[in-house]
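The values are calculated or read from the model by the stated rules, or taken from the named source; none is laboratory data. As the structure is a computational prediction, the values presented were derived from the model and not from experiment. We place every Cβ from the backbone using ideal geometry, glycine too, and count neighbours over all the protein chains shown. SASA here: full protein model, heavy atoms, side chains in, ligands and nucleic acids out. Shrake-Rupley method; radii C 1.70, N 1.55, O 1.52, S 1.80 Å.
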Amino acid sequence: MDTLTINNAEIKVNEEGYFTDPSQWSEDIAIEMAKKENIDLTDKHFEVLNFLRSKHAEEVPLSIRKVGKSGVVNIKEFYALFPGGPLKISSKIAGIPKPVSCV
Amino acid sequence: MKKLLILGAGTAGTMMLNKLDKRIDKEEWDITIIDKDNTHYYQPGFLFIPFGIYQPSDVVKTRKEFFPKGTNFIMDEVEEINAADKEVILKSGKELSYDLLVIATGTKPVPSETEGLDGPLWYKDIFDFYTFEGATLLAKKLRDWKGGKLVINLAETIIKCPVAPLEFAFLADAYFTEKGIRDKVDIQYVTPLSGAFTKPIATKMLSQLMEEKNIHVVPDFYIEHVDNENKKIVSYDGLEVDFDLLVSIPTNMGSEMVENSNMSDEDDLNFIPTNKHTLQHKEHENIFVIGDATNLPTSKAGSVAHFEGEILIENILDFMNNKPLSANFDGHANCFIETGFGKAALIDFNYTTEPLPGQFPIPILGPMGLLKETRINHMGKLAFKWVYWHMLLTGKSLPVSTNMSMSGKKAPKKEENKEKEEPQQEEVLL
């Protein structure tokens, strides 16, 4: 396990940089995390991040399709907010583990 | 008399019917099974049809021949479950009441979920192979195909038999090699996953195999639409892949009946929220769900339905006897991966243990190599057809433990234990 220092807080992350303890997350930390991905967080970004965090807390497995059906954003908007791998990048910024798809 | 209804007479429903018929008190319970027609397909065989390894006749039987004598079979479609009133409404308008319901309505590919997929090129240059129709039409197409860009694309991450698209790629490589036109075929495997497969150790082994067979993997590609005019698939972030022949694994969805009954999960894929250990419906205690119809985080596959069946029969008997549900499903799945040229690999895993290398103990044919290409695994894959018709569907126990066993598996060493462990010979995958 590694640690990441953001705003003087020691964040526990795994080898790929995902939080191992989602309770360490805060909006300020998210802003710093997003900068590393070259993303300036807007309110829309935070709506998505909060959706992901609430689903993770309910132990609901996440997928791009599920975010697209969330009513928060559609899939195209999701890609536009977090270009590249939207679910992976947004999960990292949301301070939740990397979503795993089932076999 | 109390009424037990089984919705769906596919692999899971037929198997449960046979198990229940042997175990329940027939003085007290009356069983009825419902399906829309009387055709039972051996679905694992669809993979072999495009390459002429199986003929269509190898995979078709009637549903009835696997039912116990005297089974009440209603041929009709289920329109809706009204769980509050404990009744099922059929397309014909007939209403059936139940005391206990088993849902085994499976999953099916829905090409219309992706724009342009079932457009003008559907069944001309675009095919699926998870249906009888798609597999047989693709066989005809491949027979005369002279080569070009073959693109295999998964529309979604949750699909039935997640290894079948890989097997299709491996078998295509072998098929065109044997035909002498492999140099004229460019095979691309375009997937929304980050690699060839979902779990890290198996992905490593399978990626290596893809590379050896010159199959190009395009990861993180989430299809938005098919451009029929220019013959390309386009992702949500604008990436494009050209094809001459597209073999698609369309979005998989559960039965429309699930949606009509307001029982769908949050992705709108019509899979039913189910307790992953007891197989009980999350909201209704007298409804149980088995096989591809569930939203369980494990493979949608016949082997999983079998292991679930061993658990579900115990829990249904507990429920009938007003006892707490005693059996726990661990997510066990066991899949052969056909790799072409008469070889196959094998994976065995559950909710918490990813597919690992090692040996899988099995009587008579046994031990089989895990995550290794062997001829015995290929023979196991072919022998499975007999096992399916004669043992699995009829609800017999198989010589494989219901819960996954670590016996023979080689777990990756944990870093902190590295020093304490004795040096072991490196297991070479493949």
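Applying the criteria of a DSSP loop state and at most 13 other Cβ atoms within 10 Å to the GluC sites (Glu not before Pro) of region B:290-342 yields no site.
In this simple spin-label approximation, B:Phe73 and A:Asp28 carry label points 7 Å from Cα along the Cα→Cβ vector, and these lie 6.9 nm apart. Note: relative contact order over region B:333-416, using C-alpha pairs below 8 Å and six or more positions apart, is 30 percent.
Sort B:Lys300, B:Lys184 by accessible area with a 1.4 Å probe, largest first.
Values: B:Lys300 10, B:Lys184 115 Å².
Ranked from most to least accessible, the order is B:Lys184, B:Lys300.
Find me the longest stretch of chain A that has none of the exposed GluC sites (Glu not before Pro), where exposed means in a DSSP loop (not H, G, I, E or B) with at most 11 other Cβ atoms within 10 Å. Don't skip to the answer; put the middle values down first.
Details: sites that count: A:Glu15, A:Glu16, A:Glu58, A:Glu59.
Value returned for the longest uninterrupted segment is A:60-103.
Separation of region A:64-94 from region B:85-148 is 29 Å, based on Cα centroids. Within a straight-line Cα-Cα reach of under 12 Å, B:Lys276 can be paired with the following aspartates and glutamates, leaving aside sequence neighbours fewer than 8 residues apart in one chain: B:Glu308, B:Asp330. Checking the cross-link pairs A:Lys69/B:Lys146; A:Lys92/B:Lys160; A:Lys69/B:Lys149; A:Lys66/B:Lys343; A:Lys69/B:Lys396 against a 31 Å limit on the alpha carbon distance flags A:Lys69/B:Lys146; A:Lys69/B:Lys149; A:Lys66/B:Lys343; A:Lys69/B:Lys396 as lying beyond it.
Considering every residue in A:61-67, what mean count of other chain Cβ atoms within 10 Å of its Cβ is obtained? Intermediate values should be presented prior to the final figure.
Working: counts 7, 2, 8, 6, 12, 5, 1.
Mean number of neighbouring Cβ atoms from other chains: 6.
Based on alpha carbons, the Rg and Dmax found for region A:2-93 are 12.7, 37 Å.
Computed over region B:118-241, the convex hull of the alpha-carbon atoms projects to a mean area of 7.7 nm².
So what is the orientation-averaged projected area of region B:375-416, using the convex hull of its C-alpha atoms, in nm²? Please list the in-between numbers first.
Details: hull surface 18.3 nm².
Across all orientations, region B:375-416 yields a mean hull projection of 4.6 nm².
By the rule of a C-alpha distance below 18 Å, with chain neighbours fewer than 8 residues away ignored, the aspartates and glutamates paired with B:Lys61 are B:Asp35, B:Asp37, B:Glu133. Please compute the Kirkwood hydrodynamic radius of the protein assembly as shown from all pairs of different C-alpha atoms, in Å with one decimal. It works out to 24.7 Å.
Pop out the carbon and sulfur fraction of the accessible area of the protein assembly as shown as a percent, whole number, probe 1.4 Å. Taking all protein chains in place, the protein assembly as shown shows 48 percent carbon and sulfur surface. Using C-alpha pairs under 8 Å with a sequence gap of at least 6, the mean separation divided by the residue count of chain B gives a relative contact order of 16 percent. A 1.4 Å probe run over region B:31-168, with the rest of the protein chains in place, finds 42 Å² accessible per residue. Measuring between their Cα centroids, region B:168-229 and region B:14-67 lie 32 Å from each other.
Given the Cα atoms of chain B, and with Rh set as the inverse mean 1/r over their pairs in the Kirkwood sense, what is Rg to Rh to two decimals? Walk me through the intermediate numbers first.
Numbers: Rg = 22.1 Å, Rh = 22.7 Å.
That ratio equals 0.97.
For a distance above 15 Å, tell me the whole-number percent of Cα pairs in region B:288-384 that qualify. For region B:288-384, the fraction of Cα-Cα distances above 15 Å is 65 percent. When DSSP assigns beta bridges and you keep just the ones with both residues in the protein assembly as shown, what percent turn out antiparallel, to the nearest 5? Antiparallel: roughly 50 percent of the beta bridges in the protein assembly as shown.
By DSSP, what percent of the beta bridges with both residues in region B:111-252 are antiparallel, rounded to the nearest 5? Could you put the intermediate results ahead of the total?
Numbers: 7 of 26 bridges.
Antiparallel bridges make up about 25 percent of those DSSP assigns within region B:111-252.
Tell me the trypsin sites (Lys or Arg not before Pro) within region B:320-419 that lie in a loop according to DSSP and have at most 15 other beta-carbon atoms within 10 Å.
On the way: sites: B:Lys343, B:Lys372, B:Arg375, B:Lys381, B:Lys385, B:Lys396, B:Lys409, B:Lys410, B:Lys413, B:Lys414, B:Lys418; in loops: B:Lys372, B:Lys396, B:Lys410, B:Lys413, B:Lys414, B:Lys418.
In loop regions of region B:320-419 (DSSP not H, G, I, E or B), the sparsely surrounded trypsin sites (Lys or Arg not before Pro) are B:Lys396, B:Lys410, B:Lys413, B:Lys414, B:Lys418.
What is the Cα convex hull volume of region B:333-416 when expressed per residue in Å³?
Values: hull volume 8.4 nm³, N = 84.
For region B:333-416, the hull spanned by Cα atoms encloses 100 Å³ per residue.
Out of all DSSP beta bridges with both ends in chain B, state the antiparallel percent to the nearest 5. Antiparallel: roughly 45 percent of the beta bridges in chain B. Computed from the Kirkwood radius of its Cα pairs, the Stokes-Einstein diffusion coefficient for region B:1-139 at 10 °C and 1.306 mPa s stands at 94 µm²/s.
Projected area of region B:78-133, taken from the Cα convex hull and averaged over every viewing direction, in nm²?
Numbers: hull surface 23.8 nm².
Mean projected area of the Cα convex hull: 5.9 nm².
Total accessible area buried between chains B and A, 1.4 Å probe, in Å² to the nearest 100? Don't jump to the answer; show the numbers that get you there.
Numbers: alone 19270 and 6130 Å², together 23580 Å².
Buried area (both sides, nearest 100 Å²): 1800 Å².
The trypsin sites (Lys or Arg not before Pro) of region A:42-85 that DSSP puts in a loop, and whose beta carbon has at most 16 other beta carbons within 10 Å, are A:Lys69.
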